[in-house]
Amino acid sequence: MTATTPPLHAPQLDRTGGTVSENPTTADVALDVRGFRKIYGGKGRTVEAVRDLTFSIGRGELVCIVGPSGAGKTTLLRGIAGLMDLTEGEVLLNGARVSGPPAGMAVVFQEYGRSLYPWMTVRRNVELPLKAKGLGKAERARKVDAALEAVELSDSGEAYPWQLSGGMQQRVAIARAVAYEPSVLLMDEPFAAVDAQTRADLEDLVRSVWERLRVTLLFVTHDIDEAVYLGQRVLVLSNRPTVVLEDVVVDLPVQRDQLETRASARFTELRHHVYLQIQRAKAGHRPEPEEASR
Ligand SMILES: Nc1ncnc2c1ncn2[C@@H]1O[C@H](COP(=O)(O)OP(=O)(O)OP(=O)(O)O)[C@@H](O)[C@H]1O
Ligand SMILES: [Mg+2]
C-alpha cells in the first residue's frame, strides 16, 4: 500500500482490521476460493483469464467484487457456481468441493436476457426453481407474488419476458433468485440495464433481502459507489491475468441510506480509495510479492 492511500487495506486471509470478517473460523466460512485459475483454450487462442484468486467469504457476508472489464469476474462466478471446470484450484462451499451447480445457490447472470425462458410467463419463470425445490402450489404462489412485488413487477406476471424492457427482464431474474431464498447468491452486474432510480431501489432491496435471509452474497459490479454502498467488503481485482489486488473492509454502519450513507465522509473516503485501486489495476499494477503471498 502506498502512503497516499488511507488505511483501508485488509490483507488477504488476514482481515484483522475488519469489522465483520475477523478471522472466520472454518465453520464460519461459506465460500472458500483457493488458487482459482482459468485458462480458456481454443484453436490457436488461449487466454489466461484468471491467474490466482484466493479468498474466503464468511457465512452471511455481503462481498462486492470490482475490477477492470475482462478481468475475469464472470469467469469467477461461473467457476463458483460449478458451471465451468477450473484449470487449477478449487472452490469449497461449506467445506465441500464444488463440482457442479450446488443446491441452495442462485445466480443472477450478467446476460439476464438469456437466463429467462421466453416461452414461459414471468410468473412461471420465477416459479420454476420453487418447483424444483419441492414447494407446494400455494406456497409457490405466495413467494412469487412477494418477489414480483419487491421488484415492482406485480402487474407483469402474465407477460412473457420478450414483452418486457431490458430493465424489467433484469428485475424478473432478480425476483427469481430472491423467491428461491438461496443460502448463497451470486449476482453479476445485475443492475446494468436499469435506470438510476430503479437501481437505487434495487440496491436497497438487495440489502434488505440479505439482512432478512442472511444469505451469503457475492455481488459483481463495475460501479464503485455501488460496491461501497452495498458491501461489507470490496475485493478489487487486478487486470488480466487476474489476482486480488486488495480486500477492502467497508466499515460503514449496517443501516445504509441512499442519501445519508452516500453523503458521509467515510463513504467518500472508501469510494476514493477503491477508485484509486481500480485506476492502479487498469494501469497494470499487481500486488507486491509479500501482499500476494498467502
Ligand atoms: N468462453 C470463453 N472462451 C474464451 N475466452 C473467454 C471465454 N469467456 C471469457 N473469456 C475471456 O476471459 C477473460 C475474462 O472474461 P470475463 O467475461 O470473465 O470478464 P469480466 O471481468 O466478467 O468482464 P466484464 O466486466 O466485461 O463483464 C476475457 O479476456 C474474455 O475474453
Ligand atoms: Mg462479466
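The values are calculated or read from the model by the stated rules, or taken from the named source; none is laboratory data. What you are looking at is a predicted structure, and each value in this text was computed from that prediction instead of being measured. Using ideal geometry, Cβ is built from the backbone for each residue, glycine included, and neighbour counts are taken over all protein chains shown.
Looking at Val122, is it hydrophobic (A, V, I, L, M, F, W, C), over 18 Å from Pro182 (Cβ atoms) and buried (at least 16 other Cβ atoms within 10 Å of the Cβ)?
Considered against the rule, which asks whether it is hydrophobic (A, V, I, L, M, F, W, C), over 18 Å from Pro182 (Cβ atoms) and buried (at least 16 other Cβ atoms within 10 Å of the Cβ), Val122 comes out as yes.
Counting only residues that are among the β-branched types (Val, Ile, Thr) and outside any helix (DSSP H, G or I), which one in segment 57-76 is farthest from ligand 2 (Cβ to nearest atom)?
Ile57
Given (1) part of a loop (DSSP other than H, G, I, E, B); (2) over 30 Å from Asp155 (Cα atoms), identify the lone condition not met by Ala49.
Condition (1) is where Ala49 drops out.
Regarding segment 45-56, can at least one residue be identified that is modelled with pLDDT of 95 or more, away from ligand 2 (no atom under 16 Å from the Cβ) and touching a Pro at 6+ places or on another chain (Cβ under 8 Å)?
Among the residues of segment 45-56, at least one is modelled with pLDDT of 95 or more, away from ligand 2 (no atom under 16 Å from the Cβ) and touching a Pro at 6+ places or on another chain (Cβ under 8 Å), which makes the answer yes.
With (1) surrounded by 15 or more Cβ atoms within 10 Å (Cβ to Cβ); (2) modelled with pLDDT under 90; (3) more than 24 Å from Leu230 (Cα to Cα) as the list, and Gln12 as the residue in question, which single condition is left unmet?
(3)
In segment 157-204, which residues are hydroxyl-bearing (Ser, Thr, Tyr) and either within 16 Å of ligand 1 (Cβ to nearest atom) or under 14 Å from the mean Cα position of the chain (by Cα) (or both)?
Ser183
Of all residues in segment 53-87, which are of a type in the set (D, E, K, R), more than 9 Å from ligand 1 (Cβ to nearest atom) and touching an Asp or Glu at 6+ places or on another chain (Cβ under 8 Å)?
Hit for segment 53-87 is Arg59, nothing else.
Which pairs have Cβ atoms under 8 Å, sit 6 or more apart or on different chains, and link a residue in segment 27-49 that is more than 26 Å from Val184 (Cβ to Cβ) to one that is among the basic types (Lys, Arg) and more than 16 Å from ligand 2 (Cβ to nearest atom)?
Sorted first by the residue in segment 27-49, then by its partner, the pairs are Glu48/Arg37.
How many residues, within segment 80-120, are among the aliphatic types (A, V, I, L, M) and within 16 Å of ligand 2 (Cβ to nearest atom)?
Summing the residues that are among the aliphatic types (A, V, I, L, M) and within 16 Å of ligand 2 (Cβ to nearest atom) in segment 80-120 gives 6.
Scan segment 25-52 residue by residue and report those that are within 16 Å of ligand 1 (Cβ to nearest atom) and of a type outside the set (D, E, K, R).
The answer is Val33, Phe36, Ile39, Tyr40, Gly41, Gly42, Gly44, Thr46, Val47, Ala49, Val50.
What are the residues in segment 154-171 that are of a type in the set (A, V, I, L, M, F, W, C) and modelled with pLDDT of 95 or more, if any?
Ala159
Which of the numbered conditions does Gly136 fail, given that it passes all the others? Conditions: (1) modelled with pLDDT of 90 or more; (2) surrounded by fewer than 18 Cβ atoms within 10 Å (Cβ to Cβ); (3) within 16 Å of ligand 2 (Cβ to nearest atom).
Result: Gly136 passes all but (3).
Given the conditions (1) in contact with a Gly (Cβ under 7 Å, 6 or more places away or on another chain); (2) over 24 Å from Leu76 (Cα atoms), report the number of the one that Pro182 does not fulfil.
Exception for Pro182: condition (2).
Could you look through segment 172-190, keep only residues that are away from ligand 2 (no atom under 16 Å from the Cβ) and over 16 Å from Glu127 (Cβ atoms), and pick out the one that is modelled with the lowest pLDDT?
Of everything passing the filter in segment 172-190, Ser183 is modelled with the lowest pLDDT.
One residue is enough: does segment 102-113 have a residue meeting the conditions more than 25 Å from Ala196 (Cβ to Cβ), within 16 Å of ligand 1 (Cβ to nearest atom) and buried (at least 16 other Cβ atoms within 10 Å of the Cβ)?
no
Just for segment 233-249: of the residues that are surrounded by 23 or more Cβ atoms within 10 Å (Cβ to Cβ) and among the polar types (S, T, N, Q), which one is farthest from ligand 2 (Cβ to nearest atom)?
Ser238
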